[in-house]
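Chemist: A single structure is presented below for examination.
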Amino acid sequence: MECRVIGMWGGFPKKNGPCSGYLIQHDGFSLLIDCGSGVLTALQNYIDLNEIDHVILTHYHYDHFSDIGAYLFSRLVNTHLGKTKKELSVYGPEDDVVKKQVEDVAYSRFSSFNEKSQLEIGPFTCTFKRNIHPVETYSIKIECDCKSVVFTSDTSFTHDLIPFAANADLLITECSLYEGMDGAASGHMTSEQAGILAHQSNAKKVLLTHLPHYGNLTDLVVSAKKLGNPNIELAEPGMLIEI
Ligand SMILES: [Zn+2]
Ligand SMILES: [Zn+2]
């Protein structure tokens with residue numbers, strides 16, 4: 001299994017720096033997790049859009065889903081051009097407005113998931129945990145070939161993240177805030193809390209993501225490592241992790 005970071009900025013994209021998007025691949029099968037602002041253009045540095053037929057959206061904040069509309073239009077145009085014959089399957093929390101927006105565009109379909117769901121998508125088994133965030137949001141675990149990737153998406157720290165992420169081969173944890181800030185109020189995690197999750201889950205490799213647009217980002221890594229897991233680094237666009 002491979003994971004390519006497409007983008008990792010929280011809230012809004014930087015210049016040439018997309019928001020949330022992660023390309024998970026195994027044996028030629030591709031799954032996109034989140035399609036935030038800036039993801040669709042950056043994604044094409046690594047793969048033809050027609051080679052991805054499944055997109056999971058963790059929640060409906062713009063930094064995680066705003067580019068999905070353009071993705072639907074690309075599938076519509078490319079189907080008419082004869083460049084693909086497969087529909088685009090979009091998965092997300094139940095939402096009648098999003099479902100209609102997706103299914104109003106030909107060659108696309110929508111499926112909802114919740115905490116009880118287990119999705120089998122190609123070689124990947126996907127399970128979910130409900131987060132603490134202002135809108136319905138899920139952490140996701142992707143398993144394949146006895147390996148696992150856990151992505152927290154956006155959430156305040158909660159102890160039940162630890163068993164969900166236990167022994168992950170790759171943990172991609174949000175780290176929106178610096179040590180000492182208030183994560184509970186905003187629905188996000190500080191570097192200290194990301195460090196607690198990294199250490200107590202015993203994750204083998206950890207990426208800090210959903211990064212803030214201010215401060216010295218390396219302070220986040222220093223702070224998170226203090227909790228005991230040494231295998232922590234910042235997510236960067238284009239980064240490829242072999243799992
Ligand atoms: Zn976000
Ligand atoms: Zn959010």
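The values are calculated or read from the model by the stated rules, or taken from the named source; none is laboratory data. Computed from a predicted model, the values in this text were never measured in an experiment. Using ideal geometry, Cβ is built from the backbone for each residue, glycine included, and neighbour counts are taken over all protein chains shown.
Chemist: Do you know which residues across region 154-177 are in a loop (DSSP other than H, G, I, E, B), free of Cβ contacts under 8 Å to residues at least 60 places away in the same chain, farther than 15 Å from GLU192 by Cα and not polar (S, T, N, Q)?
Modeler: Matches in region 154-177: ASP160, ALA165, ALA166, ALA168.
Chemist: Ok, one more. Which residues, taken from region 114-132, are part of a strand (DSSP E or B), free of Cβ contacts under 8 Å to residues at least 24 places away in the same chain and over 22 Å from HIS61 (Cβ atoms)?
Modeler: GLN118, GLU120, THR125
Chemist: Given the residues CYS19, CYS3, which is the only one that is within 16 Å of ligand 2 (Cβ to nearest atom) and under 13 Å from the mean Cα position of the chain (by Cα)?
Modeler: Going through CYS19, CYS3 in turn, the sole match is CYS19.
Chemist: While we're here: How many residues, within region 65-110, are closer than 16 Å to THR41 by Cβ and acidic (Asp, Glu)?
Modeler: Within region 65-110, residues that are closer than 16 Å to THR41 by Cβ and acidic (Asp, Glu) number 1.
Chemist: Select, from SER176, SER156, SER186, the only residue that is at pLDDT below 95, within 23 Å of PHE65 (Cβ to Cβ) and of a type in the set (Ser, Thr, Tyr).
Modeler: On inspection, the qualifying residue turns out to be SER186.
Chemist: A further question on this structure: Could you grab the pairs with beta carbons closer than 8 Å, sequence gap of 6+ or different chains, first residue in region 189-218 and without any contact (Cβ under 8 Å) to a residue 40 or more places away in the chain, second one of a type in the set (Lys, Arg)?
Modeler: Every condition considered, the pairs that remain are GLU192/LYS226; GLY195/LYS225; GLY195/LYS226.
Chemist: A follow-up question, please. Could you tell me whether VAL135 is in a loop (DSSP other than H, G, I, E, B), away from ligand 1 (no atom under 16 Å from the Cβ) and of a type in the set (A, V, I, L, M)?
Modeler: Considered against the rule, which asks whether it is in a loop (DSSP other than H, G, I, E, B), away from ligand 1 (no atom under 16 Å from the Cβ) and of a type in the set (A, V, I, L, M), VAL135 comes out as no.
Chemist: Which condition from (1) crowded, with 17+ Cβ neighbours inside 10 Å; (2) among the charged types (D, E, K, R); (3) within 15 Å of ligand 2 (Cβ to nearest atom) is the one that ARG130 breaks?
Modeler: Against the list (1) crowded, with 17+ Cβ neighbours inside 10 Å; (2) among the charged types (D, E, K, R); (3) within 15 Å of ligand 2 (Cβ to nearest atom), ARG130 comes up short only on (1).
Chemist: Here is a list of conditions, (1) farther than 20 Å from PHE29 by Cβ; (2) buried (at least 18 other Cβ atoms within 10 Å of the Cβ); (3) within 16 Å of ligand 1 (Cβ to nearest atom), and GLU192 meets all of them except one; can you say which number that is?
Modeler: (3)
Chemist: If you go through region 19-38, how many residues are acidic (Asp, Glu) and out of contact with any His (no Cβ under 8 Å at 6 or more places or on another chain)?
Modeler: Within region 19-38, residues that are acidic (Asp, Glu) and out of contact with any His (no Cβ under 8 Å at 6 or more places or on another chain) number 1.
Chemist: Filter region 14-37 for residues that are in a loop (DSSP other than H, G, I, E, B), among the small types (Gly, Ala, Ser) and either surrounded by fewer than 24 Cβ atoms within 10 Å (Cβ to Cβ) or away from ligand 1 (no atom under 12 Å from the Cβ) (or both) and give the result.
Modeler: GLY28, SER37 - these are the residues of region 14-37 that are in a loop (DSSP other than H, G, I, E, B), among the small types (Gly, Ala, Ser) and either surrounded by fewer than 24 Cβ atoms within 10 Å (Cβ to Cβ) or away from ligand 1 (no atom under 12 Å from the Cβ) (or both).
Chemist: I want to confirm something. Restricting to region 38-76 and keeping residues that are out of contact with any helix residue (DSSP H, G or I) (no Cβ under 6 Å at 6 or more places or on another chain) and among the small types (Gly, Ala, Ser), which single residue is nearest to ligand 1 (Cβ to nearest atom)?
Modeler: SER66
Chemist: Considering each of SER111, SER74 in turn, give the residue that is without any contact (Cβ under 8 Å) to a residue 24 or more places away in the chain, polar (S, T, N, Q) and more than 24 Å from LEU211 (Cα to Cα).
Modeler: Testing whether each residue is without any contact (Cβ under 8 Å) to a residue 24 or more places away in the chain, polar (S, T, N, Q) and more than 24 Å from LEU211 (Cα to Cα) leaves just SER111.
Chemist: Counting just the residues of region 138-167 that are among the hydrophobic types (A, V, I, L, M, F, W, C) and closer than 29 Å to GLY215 by Cα, which one comes out nearest to ligand 1 (Cβ to nearest atom)?
Modeler: PHE151
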